[in-house]
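Report on the following structure.
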Amino acid sequence: MNTQQAIEAAAKHLQRLEGHVFDVLNVSKPVSVEAAVNLAKVVSKLSPMLGNMIEFNTVEVLNAVERFHKFGKWIRQDPDFPDTILSGSISPTPGFEIKAWFPMATEITARFKDSQNHFVNDNTYVAMLAWLPEHMIYGRPQIVGVCIASGKTVAKARDRHYHNPPDYLVLEPEDTRERTRNLRQTNTNGYKFQGTPKQLREAETLVKTWGKAGKTYKPTPQYQAKLRQLIARFPYRLDTNYAKMDRIKHAGIEAFKESIGKKEFHGTSVNEWTRILTSEDDSSIRTAVEILGIKDSGTSALVR
């Protein structure tokens, strides 16, 4: 088994997780319609914790596949990149960056900031697992869809989408290989121009001297040196929203988002559930949760 075969085999097993319920936490059925309305407004706050638990358990799922046993073991890396690798005899080492997504959140808030330089061997893929509670606002987390994409294509799509000098710059990290492991930098960052119109014209004149391909992003030291000239001469601000998965404009991820939104649960699409349950119209939410079989049971149901 080589690197690409290992990734393809793992990807197939991850794709089969669609419909799988992770028995890691169970949100109890609300005892009243009013309690359900309140739960609908805060259930998204479970996303960070449940997302991490899904990521942990995904590694266990891969390690349960007997085919991998003679080649190594899938291990979770924290805080190293990527999230999980097949540690063993296969080189380059296959790996996955795992992103859990709760579709009823406002957007895919997970970020993908790692440099293109990490993907020269195309041995790291992104596995995005969309999950919802079994009953939309209560129950155990259920995987409703899986998207597998080459990390190399995601990084290139991100840089192609954002990078537009001199207005917007994507900068590679400095060379930190000589630093201790916990101080090494692997992430790119985005910078937005903040100068005056006159300064922008001056910056545009400088960029024109780079030639016809001057605006095409390159993660090379030579090209990055040009970008740092702009940072040194003109005012820029760090973009704190940079590299959110929802904004990268990767064709595969965009298609995945659209497909999840159209899926029907309890007779209604995910997009429509999201619209209703995140609205400020409590009457619409009450009607929706009654469809989920939630009725007033009385406070005695809280005590067992």
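Brief remarks on what is shown
- A single member of 11, 6, 35 is farther than 20 Å from residue 84 by Cα and at pLDDT 90 or above, and it is 35.
- Elements of type strands (runs of 3 or more DSSP E) contained in segment 118-191, each with 2 or more residues being over 30 Å from residue 20 (Cβ atoms) and modelled with pLDDT of 95 or more: 168-171
- Residue ID - least open to solvent (accessible area, probe 1.4 Å), chosen from residues in segment 190-200 that are of a type outside the set (Ser, Thr, Tyr) and in contact (Cβ under 8 Å) with a residue 40 or more places away in the chain: 190
- Applying the set (1) free of Cβ contacts under 8 Å to residues at least 40 places away in the same chain; (2) open to solvent by 30 Å² or more (accessible area, probe 1.4 Å); (3) in contact with a helix residue (DSSP H, G or I) (Cβ under 6 Å, 6 or more places away or on another chain) to residue 120 leaves exactly one unmet item: (3).
- Unique residue being surrounded by 15 or more Cβ atoms within 10 Å (Cβ to Cβ), in a helix (DSSP H, G or I) and touching a Cys at 6+ places or on another chain (Cβ under 8 Å) when the list is 285, 260, 276, 253: 253
- The residues on offer are 246, 296, and the sole one that is open to solvent by 30 Å² or more (accessible area, probe 1.4 Å), in contact (Cβ under 8 Å) with a residue 40 or more places away in the chain, part of a helix (DSSP H, G or I) and acidic (Asp, Glu) is 246.
- Annotation for segment 142-157: no member residue is open to solvent by less than 10 Å² (accessible area, probe 1.4 Å), touching a residue at least 12 places away in the same chain (Cβ under 8 Å), touching a helix residue (DSSP H, G or I) at 6+ places or on another chain (Cβ under 9 Å) and of a type in the set (Lys, Arg).
- When residue 237 is tested against (1) in contact with a Lys or Arg (Cβ under 8 Å, 6 or more places away or on another chain); (2) surrounded by 12 or more Cβ atoms within 10 Å (Cβ to Cβ), only condition (2) is not met.
- Residue 218 meets all of the listed conditions (1) in contact with a helix residue (DSSP H, G or I) (Cβ under 6 Å, 6 or more places away or on another chain); (2) open to solvent by less than 80 Å² (accessible area, probe 1.4 Å); (3) of a type in the set (Lys, Arg) but one, namely (1).
- Residues of segment 201-215 that are open to solvent by less than 50 Å² (accessible area, probe 1.4 Å) and of a type in the set (A, V, I, L, M, F, W, C): 203, 206, 207, 210.
- Restricting the first member to segment 1-29 and to residues that are without any contact (Cβ under 8 Å) to a residue 60 or more places away in the chain, and the second to residues that are of a type outside the set (Phe, Trp, Tyr) and open to solvent by less than 60 Å² (accessible area, probe 1.4 Å), the beta-carbon pairs closer than 7 Å and six or more apart or on different chains are 13/61; 13/62; 13/65.
The values are calculated or read from the model by the stated rules, or taken from the named source; none is laboratory data. What you are looking at is a predicted structure, and each value in this text was computed from that prediction instead of being measured. Cβ coordinates were reconstructed from backbone atoms using ideal geometry, including for glycine residues, and neighbour counts include every protein chain displayed. Note: accessible area is taken over every heavy atom of the protein model, side chains too, but ligands, DNA and RNA are not part of it. Shrake-Rupley method; radii C 1.70, N 1.55, O 1.52, S 1.80 Å.
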